[in-house]
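First the structure, in the form of structure tokens, and then the observations on it.
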Amino acid sequence: MRKKADSSVEMHPILAERWSPRSFNGDVEISIADLTGILEAARWAPSSMNSQPWRFVVARRGDHRFAQLIDSMGGFNKVWSPKASALILVTAVTTQPDGSIRQGALYDAGLAASLLTVEAHHRGQVVHQIGGFDHEAVKRDFKLAPELTPIAILAIGKQAPADALGDPKLVEREIAARSRLPLDELILSGSF
Ligand SMILES: Cc1cc2nc3c(=O)[nH]c(=O)nc-3n(C[C@H](O)[C@H](O)[C@H](O)COP(=O)(O)O)c2cc1C
């Protein structure tokens, strides 16, 4: 199923066609080459002072890390995400050694996740971001260092038809139109 962005002008095809499906093909595995490629895309993201504060936990369906990440999720995320081929926990180093806040770390990690997502779609994978998980549980389960803040889990895999989700509510969400604020609401002070 495709849900091309209804943009005011044409965009790069990957950006126009990218969306966040929840229906994954639970029979396919992601190759090490594809996983490496998408992690490289994150690695080469820009960051404040080239500080590269992003850190990832990488899990593939069937391994114990994958099960731990699924366990950490709440509500309906637990229902659809187990068919993803991989889950990547995105964390960032958000404090300095002296305990002060590392400004910009979350922004930098988001940029890395964004480029990772584009590379994944370029490789024929789809990505769905998940914020609904127990942050304390993943800190504990993965023994995250105190300076690391968990941010999101990225579900990555091959897209499946919407009706493969089974649950009618999930199917309804899957086929719903994508929407965005109009561009002029995003531009402040009439600056464009
Ligand atoms: C930080 C973040 C957290 C999100 N958390 C969830 C989530 O817990 N569960 C879920 O199903 N989708 C989640 N989403 C997905 C958004 O709902 C989705 O990106 C948004 O609706 C736009 O959809 P589109 O990419 O298909 O246009 C999250 C997205 C982001 C960026």
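Please note which strands (runs of 3 or more DSSP E) are completely contained in the stretch 78-161 and include at least 2 residues that are small (Gly, Ala, Ser) and buried (at least 20 other Cβ atoms within 10 Å of the Cβ).
Details: elements: 86-93, 126-130, 148-157.
Once the strands (runs of 3 or more DSSP E) in the stretch 78-161 are filtered for at least 2 residues that are small (Gly, Ala, Ser) and buried (at least 20 other Cβ atoms within 10 Å of the Cβ), what remains is 86-93, 148-157.
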Self-check item: Residue within the stretch 50-59 that is assigned to a helix (DSSP H, G or I) and within 15 Å of Ala112 (Cβ to Cβ) present
Solution: yes
Self-check item: Some residue of the stretch 95-118 being more than 16 Å from the chain's Cα centre (by Cα), closer than 22 Å to Pro21 by Cα, at pLDDT 95 or above and within 14 Å of the ligand (Cβ to nearest atom)
Solution: no
Quiz item: Within the stretch 172-188, is even one residue surrounded by fewer than 20 Cβ atoms within 10 Å (Cβ to Cβ), in a helix (DSSP H, G or I) and in contact with a strand residue (DSSP E or B) (Cβ under 9 Å, 6 or more places away or on another chain)?
Solution: no
Exercise. Please tell me if Asp34 is closer than 20 Å to Lys139 by Cα and either in contact with a Cys (Cβ under 9 Å, 6 or more places away or on another chain) or acidic (Asp, Glu) (or both).
Key: no
Quiz item: For Ala33, are the conditions met, namely being free of Cβ contacts under 8 Å to residues at least 60 places away in the same chain, part of a helix (DSSP H, G or I) and either more than 15 Å from the ligand (Cβ to nearest atom) or charged (D, E, K, R) (or both)?
Solution: yes
Practice problem: Please state which of the following conditions Val57 fails to meet, knowing it meets all the rest: (1) free of Cβ contacts under 8 Å to residues at least 40 places away in the same chain; (2) more than 16 Å from the ligand (Cβ to nearest atom); (3) not hydroxyl-bearing (Ser, Thr, Tyr). | Solution: (1)
Quiz prompt | Residue that is nearest to the ligand (Cβ to nearest atom), among those in the stretch 1-30 that are within 15 Å of His128 (Cβ to Cβ) and aliphatic (A, V, I, L, M) | solution = Met1
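Residues checked against (1) small (Gly, Ala, Ser); (2) more than 17 Å from Phe66 (Cβ to Cβ):
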position	(1), (2)
Val127	no, no
Phe133	no, no
Asp141	no, no
Ile151	no, yes
Ala155	yes, no
Asp167	no, yes
Phe192	no, yes
Quiz item: Does at least one position in the stretch 71-81 carry a residue that is farther than 14 Å from Arg140 by Cα, within 16 Å of the chain's Cα centre (by Cα), without any contact (Cβ under 8 Å) to a residue 12 or more places away in the chain and within 16 Å of the ligand (Cβ to nearest atom)?
Solution: yes
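Just to be sure, is Trp54 of a type in the set (Phe, Trp, Tyr) and within 25 Å of Ala176 (Cβ to Cβ)? Break it down into steps so the answer makes sense when it comes.
Working: of a type in the set (Phe, Trp, Tyr): yes; within 25 Å of Ala176 (Cβ to Cβ): no.
Here the answer is no, as Trp54 does not meet what is asked.
The values are calculated or read from the model by the stated rules, or taken from the named source; none is laboratory data. Source: prediction; values computed, not measured. Neighbour counts are summed over all protein chains in view; Cβ atoms, including those assigned to glycine, are modelled from backbone coordinates with ideal geometry.
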